[in-house]
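Here the structure is laid out as structure tokens; the discussion comes afterwards.
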Amino acid sequence: MRVAIAAVIPRLAVLLAGALVACTAAPPKSPSSSTAPADAIGTSLPIVPPATPTITERDARNATAPPRFEVKAPKGAPGSSL
């Protein structure tokens, strides 16, 4: 039984090290996160919601909701419903 445990420990250490490296790697950049000028936002589809701030409050009773994201038609647009 001791021989089997001694053989498993190095494999487990390598597996845990690989998982740690995979979790700490930077996420890939998405093409939709491009920085567009403020006047160009909403001129093309899909409309990407703004990035929400990271949650830092641990207690839900003290947390506040992020600002609501609403898609509105531009001025002078014909009457249509979304």
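No lab work stands behind these numbers, since they all come straight from the coordinates. Computed from a predicted structure; not experimentally measured. Backbone-built Cβ (ideal geometry, glycine too); neighbour counts: all protein chains shown.
Some points to look at:
- Extension gain, Ala77 back to Thr64 (0.36 nm per residue minus Cα-Cα distance, nm): 1.3 nm
- Here the peptides 5-13, 69-77 are ranked by packing, the mean other Cβ count within 10 Å, and the order with the highest first is 5-13, 69-77.
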